[in-house]
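Taking it in order: structure first as structure tokens, then the write-up.
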Amino acid sequence: MMDTEKKTTEINEKKDTLILAIESSCDETAASVVKNGREVLSNVISSQIALHTQFGGVVPEIASRKHIEKINQVVTQALEDAGVTLTDVDAIGVTYGPGLVGALLVGVAEAKAIAFAAKKPLVGVHHIEGHVSANYIENPDLEPPFVCLIVSGGHTHLVIVKDYGEFEIIGRTRDDAAGEAFDKVARAVGLGYPGGPKVDKTAKEGNPHAIEFPRAKVEGSPYDFSFSGLKSAVLNYINKAHMTGEEIRVPDLVASFQNAVVEALVSRAVLAAKEYGYDKLAIAGGVASNSALRAAMQEACDKAHIRFYHPSPIFCTDNAAMIGCAAYYEYKKGTRHGWDLNAIPNLKLGER
């Protein structure tokens, strides 16, 4: 047998594809090894939450410096936890946007250096594509097409996932993202950072119908969202209470606010699934870990006979396993990036 034929046979006989993935778009330094796009062999996350809490939010310069300190450690740990070496890895996947530009640059530089040194293909991944792909990790039966609601601190999108890495945006926020509204309301009532989890926890002690906050609708765009008016209504309620000396029961306030957000998200997502004719609906992004949203979406999907998918909370927040999953499908499609790959902080979904 000729050498070229032997190499081709060896490649064809190799059943598993291993991706070493890196994520550093915000304040988590993460690395993961993912097999065949669905099986997570390791998932290492170094969080900076404690570091940024004192500032009430993420400080980009501090985040970038901490990524530089931690990136080599998490990559080494991910390989060790997976029981593999760089020789075993087929490609290096990395988030290159959107996100904080300095933070992204650390991950991209690390991925390029590893790919160059190990002579492995480099696959850049869109951060939001990673969030959507998190649903594939624990749901082996989930395959495109389906509807996905993406909710995070920076994004609120309603999309049709036509194929792996192929999206049609049918709805988006016109102003604040849902997660951004959670953070601002949490700060306003003194819950601090990170806002989402603290609102979720506090709301469990409150009455979600105690205060009727507005539910904005965008005329002519039934799948679009708007949370700026809701956020302003909450702030106005707080200011009025302070001026009149009225006591604010924080659990009731945040439960009512959360209820308004959840109702807006669930109603539009389920409406889209029904009107577009899909019987599969998934959620993704940091806010997808919100317990009230998950419960309300499950109930609405059950009533509409729609199958509901969601990642575990660890895969909703930023992690590298979801990037490895997305990178696998991009790799299989032939996506490759050169050494000129750069961080794109405002990268739009669907852009390359």
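A short reminder: the numbers here are calculations on the coordinates, not readings from a lab. All values derive from a computational prediction rather than experimental measurement. Quick reminder, even Gly has a Cβ in these numbers, built from the backbone with ideal geometry, and neighbours come from all protein chains shown.
Test of understanding: what is the full-extension gain from A113 to A295, defined as 0.36 nm times their sequence separation minus their Cα-Cα distance? Intermediate values should be presented prior to the final figure.
Values: separation 182, 0.36 × 182 = 65.52 nm, distance 4.32 nm.
Contour length minus Cα-Cα distance gives 61.2 nm.
With a point put 7 Å past each Cα toward its Cβ, work out how far H305 is from H242 in nm, to one decimal.
Once both label points are built, they end up 5.2 nm from each other.
I need to check one value: relative contact order of segment 109-251, counting alpha carbon pairs closer than 8 Å and at least 6 residues apart, in percent. Don't jump to the answer; show the numbers that get you there.
On the way: 178 pairs, mean separation 23.9, N = 143.
Relative contact order, segment 109-251: 17 percent.
Within the chain, which DSSP H helices have Cα atoms that stretch 18 Å or more along the helix axis and a mean Kyte-Doolittle hydropathy of at least 0.5? Walk me through the numbers on the way to the answer.
On the way: long enough: 60-82 (31 Å, -0.52); 101-118 (25 Å, 1.77); 127-138 (19 Å, -0.37); 228-244 (24 Å, -0.01); 250-276 (39 Å, 0.73); 291-304 (20 Å, -0.18); 321-333 (19 Å, -0.10).
Helix filter hits for the chain: 101-118, 250-276.
Mind running the shape call on segment 99-173? Use the C-alpha gyration tensor, a ≥ b ≥ c as the square roots of the eigenvalues: rounded below 1.5 for a/c, prolate if a/b tops b/c, oblate otherwise.
Judged from the Cα gyration tensor, segment 99-173 comes out oblate (a/c at least 1.5, b/c at or above a/b).
Highest mean first, how do 158-165, 265-272 rank when packing is the count of other Cβ atoms within 10 Å averaged over residues?
Numbers: 158-165: 19.2, 265-272: 21.0.
Result, highest mean Cβ count within 10 Å first: 265-272, 158-165.
What FRET efficiency do you get for A50 and I314 if R0 is 30 Å and r is their Cβ-Cβ distance, rounded to the nearest 0.05?
Numbers: r = 18 Å, r/R0 = 0.59.
The pair A50/I314 has a calculated efficiency of 0.95.
Using a basic spin-label model with each label point 7 Å from the Cα along Cα→Cβ, how many nm lie between K201 and D163?
4.5
Could you list F167, F182 in order of exposure, starting from the residue whose Cβ has the fewest other Cβ atoms within 10 Å?
On the way: F167 20, F182 30.
The most exposed by this proxy come first: F167, F182.
How would T156, T17, T85, T202 line up from fewest to most surrounding beta-carbon atoms within 10 angstrom? Please list the in-between numbers first.
Working: T156 30, T17 16, T85 10, T202 19.
Ascending Cβ contact count within 10 Å gives the list T85, T17, T202, T156.
State, as an integer percentage, the relative contact order of the chain based on alpha-carbon contacts under 8 Å between residues 6 or more apart. Working shown, then result.
Values: 766 pairs, mean separation 84.0, N = 352.
Averaging sequence separation for qualifying contacts and normalising by length gives 24 percent for the chain.
What is the distance in Å between the Cα centroid of segment 76-128 and that of segment 261-310?
Each part's Cα centre sits 32 Å from the other's.
Listing M243, M322 from the residue with the fewest other Cβ atoms within 10 Å to the one with the most, what is the order? Walk me through the numbers before you get to the answer.
Values: M243 8, M322 33.
Sorted ascending by nearby Cβ count, the order is M243, M322.
May I ask you to compute the full-extension gain from L86 to K348, defined as 0.36 nm times their residue separation minus their alpha-carbon distance, rounded to one decimal in nm?
On the way: separation 262, 0.36 × 262 = 94.32 nm, distance 3.10 nm.
Computed gain between L86 and K348 is 91.2 nm.
Report the full-extension gain for the segment E212 to S267: residue separation times 0.36 nm, less the Cα-Cα distance, to one decimal in nm. Provide the component values of the computation, followed by the final result.
Values: separation 55, 0.36 × 55 = 19.80 nm, distance 1.70 nm.
Here the segment from E212 to S267 would lengthen by 18.1 nm.
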